[in-house]
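Since the structure comes first, as structure tokens, the remarks are kept for the end.
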2 protein chains.
Amino acid sequence: MKIPEISLPRVVILGGGFAGLNIAKRIDTKHYQVVMVDRHNYHTFQPLLYQVATSGLEPDSIAYPLRKTFADKKRFHFRMAEVKSVDESTKIVQTSIGDIRYDHLIIATGARSNYFGMENVERNAMPMKTLTQSLDLRSLILQNFEKALYCNDINEQKRLMTFVIVGGGPTGVELAGALAELKTQVLPTDYPDLDLRDMEIHLVEAAPKVLSAMSDHASRKADRFLDKMGVHLWMNTFVKDYDGQTVITSEREIPAETLIWAAGVMGAPIQGLNASKIGAANRIIVNTKCEVEGADNVYAVGDVSLMATKNFPKGLPMLGSVAMQQGTMLAKNFNAMAKGKKTREFKYKDKGTMATIGRNRAVVDLPFYKFSGTFAWFTWMFVHLMLLAGFRNRVVTFINWAWGYLRYDQANRLIVRTYRRNKGEVLEQNDV
Amino acid sequence: MKIPEISLPRVVILGGGFAGLNIAKRIDTKHYQVVMVDRHNYHTFQPLLYQVATSGLEPDSIAYPLRKTFADKKRFHFRMAEVKSVDESTKIVQTSIGDIRYDHLIIATGARSNYFGMENVERNAMPMKTLTQSLDLRSLILQNFEKALYCNDINEQKRLMTFVIVGGGPTGVELAGALAELKTQVLPTDYPDLDLRDMEIHLVEAAPKVLSAMSDHASRKADRFLDKMGVHLWMNTFVKDYDGQTVITSEREIPAETLIWAAGVMGAPIQGLNASKIGAANRIIVNTKCEVEGADNVYAVGDVSLMATKNFPKGLPMLGSVAMQQGTMLAKNFNAMAKGKKTREFKYKDKGTMATIGRNRAVVDLPFYKFSGTFAWFTWMFVHLMLLAGFRNRVVTFINWAWGYLRYDQANRLIVRTYRRNKGEVLEQNDV
């Protein structure tokens, strides 16, 4: 029996990240027509962006075309568009390709970098939230070394080879580790004329320790790994200003051409929502069913949502696993509603967290077991391979990793993009 | 014994294409100090650019970092820079990173698109000579379909889905075939809402047949393959104008959003050379030893050089195989000179030419044997895999091809770059 699509309630999902993807996969389109809107035509596997930035993986390996994901799903429509705003009274989303009417609106627009109001830092730092930003960062890192080669001023040369990473969470730690491996394994053969002892990697973190969301064991181990790999750690330290030349922290000034911002993220909600629904870190306040209270059939999931639970009274952390689980829960609730069944509240199941620092060096926190080192590293790789979308992506990523493991080499050090950061010009999140 | 590098004659190679690469690989740096200058930090395997443009391969697979290629070569220096001009009197090359002195100058700067003075076409057509151009083309192709989706005007929709390729040489033929396969194999699942019968691929060629540099058998077969795959062939036809909306050919007007220029190339010599040394198609006239006559220790190799031989009185064709063989010859001559031995003249050895049109459809001309079809296709793939630089690149390319073969699917259809062609603005060759 062909279901007349027009008569079904229309669910509009804004964003094809972990949350949006999981909803779309699980929602039953016998009962709903689904429209997904994203400004990219692909899903990005954000946990591996840092490997694109450090020449370890090619961008195609960690992205997956959204149309392809849902090619077999009936009554599913993908729209590549920029979301402009929402009008709750008429139930319309305004986008760059026109208005889209909704019956149910799911906001899964994720997070963006939070510079805490420091305009200079925003203007001059490199973010790493999207595929294109990671590619830009890759080119910038390599271009700095090309520039350093022709630099006669020894201080300027050192400044070009100094990288300051702000934020000691998983992204910052993994990036610092990857840069440290570039320094010892790859760059000496590429730039024999440079004295790579002058390459410095600084990791700045406002909290007293790295990976503060993980266990003490993980923090301590990661700290030791990074220290061994020659990363300068600045705990209890925060960045105050950056003019593109020198990073000013609460502890000291660090002359550096590159400041990578992995410190803070904030929700990226859409315009037009009633402002009173926005909570801390710009996230949309939802109840435990991801419903935006007071709004009519509007939901928020993943990083952009702020859901307080018993264990997390200040809101669940902005993690991929939370986004995935919320997406699954919301899809199930939609399916239940369609059948007149009871909907359920969200319960976060902590499946563990992990971070890799380098070859044979990772930390894994499982709910009842914490470990680190070589086995943790292989665990990290296996889990991330399995989480990647698409068999081809897994194979290509596996080859790249195996290659790097056997040859101590990163294959993809091409400067493909022109260096597009213009100092003194604020990059629009959507512009890059 | 450490050779004091400073006392060796310095050979400066401009360009890391097939010719420059082969010289640098084979020149003996016991006798010369070698400096290679290229505006990219990688070598591009140009024969496969069309697969990057049609989502078949990722850019990292067909490029190889030049520093890595020569990591073990002593007295070899790579400089990533834009060449500005040469001053023959002082033996200095001016570049974006400063002056470089030479004792021997080898110009291997290759070719660029030749629009035969048609400024409108240059302004509005897409070239496909570099990796970034191919990536831009990929994004443009896919973005056209995204746009077509929201287009209510049926003529405009058809115009967005019309692709005109100018030039029936290997590049044009291979690109037309790849687009035809996208049309039948990939796009119908990605865009079920579009009527893909409206997608048209036109191949425009001024000569009476495609692949006119190959055998009659190859031309005839390629013509039949393309015809079967639904490509519109316009022989004896040339493009007269293109305003970005409608292609005006000598036969008819074709409304098309995309015009891909694979028609003509011309040498890309450097500024400052004595103009009298420039011959047809902007190529530098050389003798059979690649020497620029009348100039002091200046050589030109590959596409940028114009060498007349007995079999090719108007000059050797602009082919990768010619460039490679000339590079090898010149390196050997340099090595011979260093030992006081006799240098040799260039003899082109035609090892055959080939082109692929699609799955199980290729044409191969060997000197004494011409064949086409499935075996030719596998031959084409094998030869191109072997020619690719780097084991990792071969493995990843093989996987992508095997995947495409088994799944009738192109994996990499990401719109990663913003569509950067601004109609009405001439793209600088070096700008993209």
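Other protein chain C-beta atoms within 10 Å of residue C-beta, averaged over A:96-103: 1.
Note on region B:45-159: the C-alpha convex hull projects to 11.1 nm² when averaged across all orientations. Work out the FRET efficiency for B:S212 and A:A402 from their Cβ-Cβ distance, taking R0 = 51 Å, and round it to the nearest 0.05. Result of the calculation: an efficiency of 0.70.
Relative to its residue count, region B:305-347 spans a Cα convex hull of 64 Å³ per residue.
Sorted shortest first, the separations between the B:F116 label point and its copies elsewhere in the assembly read 6.3 nm; each point sits 7 Å from Cα along the Cα-to-Cβ line.
Sequentially through region A:372-381, phi angles give Karplus couplings (6.51, -1.76, 1.60; θ = phi - 60°) of 8, x, 5, 5, 4, 5, 5, 4, 4, 5 Hz, Gly and Pro residues having no value and appearing as x.
Couplings 3J(HN,Hα) of region A:309-321, computed from phi: 10, 4, 6, 10, x, 8, x, 5, x, 7, 10, x, 5 Hz, in residue order, whole Hz [Karplus 6.51 cos²θ - 1.76 cosθ + 1.60, θ = phi - 60°; x for Gly and Pro].
Just so you know, the Cα atoms of region A:338-418 work out to an Rg and Dmax of 18.1, 58 Å. Here the Kirkwood formula, the inverse mean of 1/r across different C-alpha pairs, assigns region B:4-43 a hydrodynamic radius of 10.6 Å. Here the scattering of chain B is modelled by Debye summation over its C-alpha atoms, one equal scatterer each and no solvent; at q = 0.06 Å⁻¹ the log10 of I(q)/I(0) is -0.26.
Suppose only helical runs count, i.e. DSSP H with n ≥ 4. What mean residue ellipticity at 222 nm does that imply for chain B under -39500 (n - 2.57) per run, divided by all residues and rounded to the nearest 500 deg cm²/dmol?
-9000 deg cm²/dmol
Among bridges DSSP assigns within chain B, what percent are antiparallel (round to 5)?
50
For the pair B:N120 and B:H232, the difference between a 0.36 nm per residue extended length and the Cα-Cα distance amounts to 38.0 nm. The Cα atoms of the protein assembly as shown define a convex hull whose projected area, averaged across directions, is 38.2 nm².
Given a Förster radius of 60 Å and the C-beta distance between A:F371 and A:S89 as r, what FRET efficiency does 1/(1 + (r/R0)^6) yield to the nearest 0.05? Could you put the intermediate results ahead of the total?
Numbers: r = 54 Å, r/R0 = 0.89.
Computed FRET efficiency for A:F371 and A:S89 comes out at 0.65.
Entry note, region B:1-111: relative contact order of 35 percent, from Cα contacts under 8 Å with a spacing of 6+ residues.
Out of A:I399, B:Q271, A:M318, whose Cα points farthest toward the positive end of the dipole of the protein assembly as shown (charges: +1 Lys, Arg; -1 Asp, Glu; placed on Cβ)? The residue sitting farthest along the positive end of the dipole is A:I399. Remark on B:I165: its backbone amide H falls under 5 Å from those of B:H202, B:L203, B:V204, B:I260, a criterion applied only to residues 5 or more positions apart or on other chains, H modelled at 1.01 Å from N. The 3J(HN,Hα) values that the Karplus relation (6.51, -1.76, 1.60; θ = phi - 60°) gives for region A:294-307 are, in residue order, x, 8, 9, 6, 10, 10, 9, 9, x, 3, 6, 9, 10, 10 Hz. Gly and Pro appear as x. Comparing A:I254, A:N333, B:L105 along the charge dipole axis of the protein assembly as shown, the residue lying farthest to the positive side is A:N333, per the Cβ-charge model. Quick one: of A:K84/A:K332; B:K209/B:K332; A:K84/A:K351; B:K158/B:K370; A:K129/A:K370, which pairs are farther than 31 Å apart, Cα to Cα? In this structure, B:K209/B:K332; A:K84/A:K351; B:K158/B:K370 lie more than 31 Å apart at Cα.
In this structure the amide hydrogen of A:I285, modeled in the peptide plane, comes within under 5 Å of the amide hydrogens of A:I278, A:G279, A:L306, none closer than 5 places in sequence on its chain. Backbone amide hydrogens, once placed in the peptide plane, bring B:V247 within less than 5 Å of B:I254, B:A256, excluding anything fewer than 5 places away on its chain. Against the compact-protein benchmark of 2.2 N^0.38 Å, the Cα-based radius of gyration of region A:214-338 scales to 1.42.
Normalised per residue, the accessible area of region B:1-107 is 35 Å², obtained with a 1.4 Å probe and no contribution from ligands, DNA or RNA. A Cβ-based charge dipole, computed about the Cα centre of chain B with Lys and Arg at +1 and Asp and Glu at -1, lands at about 2140 debye. With its label point put 7 Å out from Cα toward Cβ, B:S215 sits 7.0 nm from the same residue's point in the other copies, in order from shortest.
How high is the FRET efficiency from B:E156 to A:K30, r the C-beta distance, R0 41 Å, rounded to 0.05? Provide the component values of the computation, followed by the final result.
Details: r = 35 Å, r/R0 = 0.85.
Working from the Cβ atoms, E equals 0.75.
Partner aspartates and glutamates whose Cα lies under 15 Å from the Cα of B:K341, excluding those fewer than 8 positions away in the same chain, are identified as B:D28.
Each other residue within a Cβ distance under 12 Å of B:N114 adds +1 if Lys or Arg and -1 if Asp or Glu, for a net charge of +1.
Compute for chains B and A the buried accessible surface, both sides summed, probe 1.4 Å, and express it in Å² to the nearest 100. Its buried surface, counting both partners, is about 4100 Å².
Of the peptides B:23-31, B:167-175, the ranking by mean beta-carbon count within 10 Å, highest at the top, reads B:167-175, B:23-31.
For chain B, the longest principal axis of the alpha carbon atoms and the long axis of helix B:131-149 meet at an angle near 10°. Excluding ligands, DNA and RNA, the accessible surface per residue across region B:134-235 is 36 Å² with a 1.4 Å probe. Distance distribution note for region B:115-200: the fraction of Cα pairs above 21 angstrom is 34%. Carbon-plus-sulfur accessible fraction, the protein assembly as shown (probe radius 1.4 Å, protein heavy atoms only): 51%. Summary of packing: across the peptides B:368-380, B:315-327, the per-residue average of other C-beta atoms within 10 Å ranks them, highest first, as B:315-327, B:368-380.
By the Stokes-Einstein formula, at 0.692 mPa s and 37 °C, region B:112-268 with its Kirkwood radius over alpha-carbon pairs has D equal to 208 µm²/s. Distances, shortest first, from the label point of A:K341 to those at the same position in the other copies read 8.2 nm; the point lies 7 Å along Cα to C-beta.
Shown here are the Rg and Dmax of the Cα trace of region A:156-206, at 11.6, 36 Å.
Here is the P(r) of region B:94-163: all C-alpha pair distances, binned every 10 Å from 0, give 15, 28, 27, 16, 8, 5, 0 in whole percents.
Which pairs in the list A:K289/A:K347; A:K30/A:K339; B:K147/B:K183; A:K147/B:K91 are over 19 Å apart, alpha-carbon to alpha-carbon?
Beyond 19 Å: A:K147/B:K91.
With both labels modelled 7 Å from their Cα along Cα-to-Cβ, the A:D198 to B:K349 distance reads 4.7 nm.
Per-residue mean of foreign Cβ neighbours for B:63-72 is 4 (Cβ atoms of other chains, 10 Å radius).
Fully extending the segment from B:K342 to B:F391 would add 14.0 nm, taking 0.36 nm per residue of separation and subtracting the current Cα-Cα distance.
Relative protection proxy for B:50-62, B:355-367, A:235-247, from highest mean packing down: B:50-62, B:355-367, A:235-247 (other beta-carbon atoms within 10 angstrom).
The values are calculated or read from the model by the stated rules, or taken from the named source; none is laboratory data. All values reported here derive from a predicted model rather than from experimental measurement. Cβ atoms come from the backbone with ideal geometry, glycine included; neighbour counts cover every protein chain shown. Ligands, DNA and RNA are excluded from the accessible area calculation, which covers all protein heavy atoms including side chains. Shrake-Rupley method; radii C 1.70, N 1.55, O 1.52, S 1.80 Å.
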